[in-house]
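Chemist: Input: one structure, supplied below.
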Amino acid sequence: MRFTTKSMLMALAGSTMLAGAASAELTGELKIFLDTSNPAPRATMEQMIADFGAEHPGLEISTTVIDREAYKTQIRNFLTADSPDVATWYAANRMTPYVSAGLFEDVSDLWAEPEIAENLASTKGAMTIDGKQWGVPYTYYQWGIYYRKDIYENLGLNEPANFDEMKSNCQAIIDSGAKCYTIGTKFLWTAGGWFDYLNMRTHGFDFHMELAQGNVKWTDDRVKETFANWRELIDMGAFVDNHQNYSWQESLPFIVNGEAAAILKGNFAVAPLREAGLDDSKLDFYQFPAINPDVELAEDAPTDTFHIPANASNKEAAREFLRFVVSANVQTTINNGANLGQLPVNAQSAVDDDKFLNEGFEMLSTNSPGGVAQFFDRDFPAEMAAEAMQGLQEFMVFPDNLDDILARLDKVQERVYK
């Protein structure tokens, strides 16, 4: 589904999200394409764009919102023909095809400006390919384990500090008649989250990235060790049955009604869980525990981004828009709990007073020394990710198929990375 709205933004002096005085008089048309089609992020982005327009009344801004899944299939086409001036996308490897094809503008000049260089330093690596920066981040969020605090308390369980405690807790939950984790793998990426954490906790961030870059075979004994840890949970019966038939949203009732005690998910799961009746007395969060004590903890923290297409017509206005997006005040506002409900990328921004945002910010800023990954289907090339995630789902349903799955993924790897 595709929605298009166009408006002349000429009289929005009452804006509440202004980043500061305009640095230059901008004119002409600025075309912005967004993949933020869900209601809350769409409203947040449209308000932010309106506020930018209020600072630059000489601009005619048109905004096109495209369903996120449709956006993924359309992006190459619209970057090539009839390009917008600004487009949303994702960090790290997900940028690579469009950087390699010359479809994203090099914006290293923005990253040389002190305001961006100093305040966005932690995210620079995720925006860098071949020593250059190809966009700016506007939000990121933590992943981790969201759990039923009341169920844990009733069973006398504490947040696990390591994998043995995680499995011990899980056994107690199973003995009580519930499942440890709900998950829906109908759309395969959710299984990718479990692999990310098990692999990074078993072997570390650098090894995980080596696999993502095609420098480690899937049949490597170290990868098999990761799957062996995963199989311990599968063989215990840790996951809800028939998860391959559920989307992640369809898996939420299991934790809401107490049939499962936890879910490994990004912070975007908090809003629907709260809406379903789990207030903060019942819902809590912990960092995925250590497996190998010699491995530094690394996290998944997917980062959403804005880019200037190489074929953009109004690059001056597009650059000013990117500056606006990453400014401290705008970052504070768009990421607050009433809007995106995520974490700002600007170090000078304020984190909204939300229990889970604060816990996520604390975890990412003080207890993720191993590094920050973008998520399985962002860190691995698209074709490799698609085939691998299918294999991950198959493993969760038929763990005895592992050797065949890994041999198959080695062949895919040879094709993708040649």
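The values are calculated or read from the model by the stated rules, or taken from the named source; none is laboratory data. Note that the coordinates shown come from a computational prediction; the quantities given were computed from them, not determined experimentally. Here Cβ is always computed from backbone atoms with ideal geometry, including for glycine, and neighbour counts include all displayed protein chains. To get the accessible areas, we keep the full protein, side chains included, count just its heavy atoms, and leave off ligands, DNA and RNA. Shrake-Rupley method; radii C 1.70, N 1.55, O 1.52, S 1.80 Å.
Chemist: Restricting attention to segment 239-247, does a residue exist that is open to solvent by 20 Å² or more (accessible area, probe 1.4 Å), in a helix (DSSP H, G or I) and more than 22 Å from Ala290 (Cβ to Cβ)?
Modeler: Yes, segment 239-247 has at least one match.
Chemist: Please go through segment 54-70 and pick out each residue that is open to solvent by less than 10 Å² (accessible area, probe 1.4 Å) and either of a type in the set (Gly, Ala, Ser) or in a helix (DSSP H, G or I) (or both).
Modeler: Ser62 - this is the single residue of segment 54-70 that is open to solvent by less than 10 Å² (accessible area, probe 1.4 Å) and either of a type in the set (Gly, Ala, Ser) or in a helix (DSSP H, G or I) (or both).
Chemist: Cβ-Cβ distance below 9 Å, separation of 6 or more or different chains: which pairs start in segment 188-216 with a residue that is more than 12 Å from Asn229 (Cα to Cα) and end on one that is surrounded by fewer than 19 Cβ atoms within 10 Å (Cβ to Cβ) and among the acidic types (Asp, Glu)?
Modeler: Gly204/Asp294; Gly204/Glu296; Phe205/Glu296; Leu211/Asp220; Gly214/Glu414; Val216/Glu210
Chemist: May I pose another question? Just give me the residues in segment 327-344 being assigned to a loop (DSSP other than H, G, I, E, B), open to solvent by 30 Å² or more (accessible area, probe 1.4 Å) and not hydrophobic (A, V, I, L, M, F, W, C), in sequence order.
Modeler: Across segment 327-344, the qualifying residues are Asn336, Gly337, Asn339.
Chemist: Of all residues in segment 356-372, which are in a helix (DSSP H, G or I) and over 18 Å from the mean Cα position of the chain (by Cα)?
Modeler: Selection gives Thr366 alone.
Chemist: Moving on. Just for segment 188-209: of the residues that are out of contact with any helix residue (DSSP H, G or I) (no Cβ under 9 Å at 6 or more places or on another chain) and assigned to a helix (DSSP H, G or I), which one is nearest to Val397 (Cα to Cα)?
Modeler: So the residue we want is Tyr197.
Chemist: Out of segment 36-53, which residues are assigned to a helix (DSSP H, G or I) and touching a strand residue (DSSP E or B) at 6+ places or on another chain (Cβ under 7 Å)?
Modeler: Of everything in segment 36-53, those that are assigned to a helix (DSSP H, G or I) and touching a strand residue (DSSP E or B) at 6+ places or on another chain (Cβ under 7 Å) turn out to be Arg42, Met45, Glu46, Ile49, Gly53.
Chemist: Moving to a separate point now. So, of the residues in segment 273-297 that are open to solvent by less than 10 Å² (accessible area, probe 1.4 Å) and not in a strand (DSSP E or B), which turns out to be nearest to Ser168 (Cα to Cα)?
Modeler: Pro289
Chemist: Just for segment 249-268: of the residues that are open to solvent by 40 Å² or more (accessible area, probe 1.4 Å) and under 21 Å from the mean Cα position of the chain (by Cα), which one is farthest from Phe375 (Cα to Cα)?
Modeler: Of everything passing the filter in segment 249-268, Glu250 is farthest from Phe375 (Cα to Cα).
Chemist: Can you tell me which residue is farthest from Arg201 (Cα to Cα) among those in segment 298-322 that are touching a helix residue (DSSP H, G or I) at 6+ places or on another chain (Cβ under 8 Å) and surrounded by fewer than 19 Cβ atoms within 10 Å (Cβ to Cβ)?
Modeler: Filtering first and then ranking leaves Asn311.
Chemist: Quick test for you: out of Asp353, Asp403, pick the one residue that is assigned to a helix (DSSP H, G or I), more than 26 Å from Trp111 (Cα to Cα) and open to solvent by 20 Å² or more (accessible area, probe 1.4 Å).
Modeler: Asp403
Chemist: If a residue must be in a loop (DSSP other than H, G, I, E, B) and either of a type in the set (S, T, N, Q) or modelled with pLDDT under 95 (or both), how many such residues does segment 215-238 contain?
Modeler: 2
Chemist: Check off (1) within 17 Å of His208 (Cα to Cα); (2) crowded, with 17+ Cβ neighbours inside 10 Å; (3) of a type in the set (Phe, Trp, Tyr) for Tyr417 and give me the number that stays unchecked.
Modeler: (2)
Chemist: Also, I was wondering about something else. I'd like to know if segment 298-317 contains one or more residues that are closer than 28 Å to Gln47 by Cβ, part of a helix (DSSP H, G or I), among the charged types (D, E, K, R) and touching a residue at least 60 places away in the same chain (Cβ under 8 Å).
Modeler: yes
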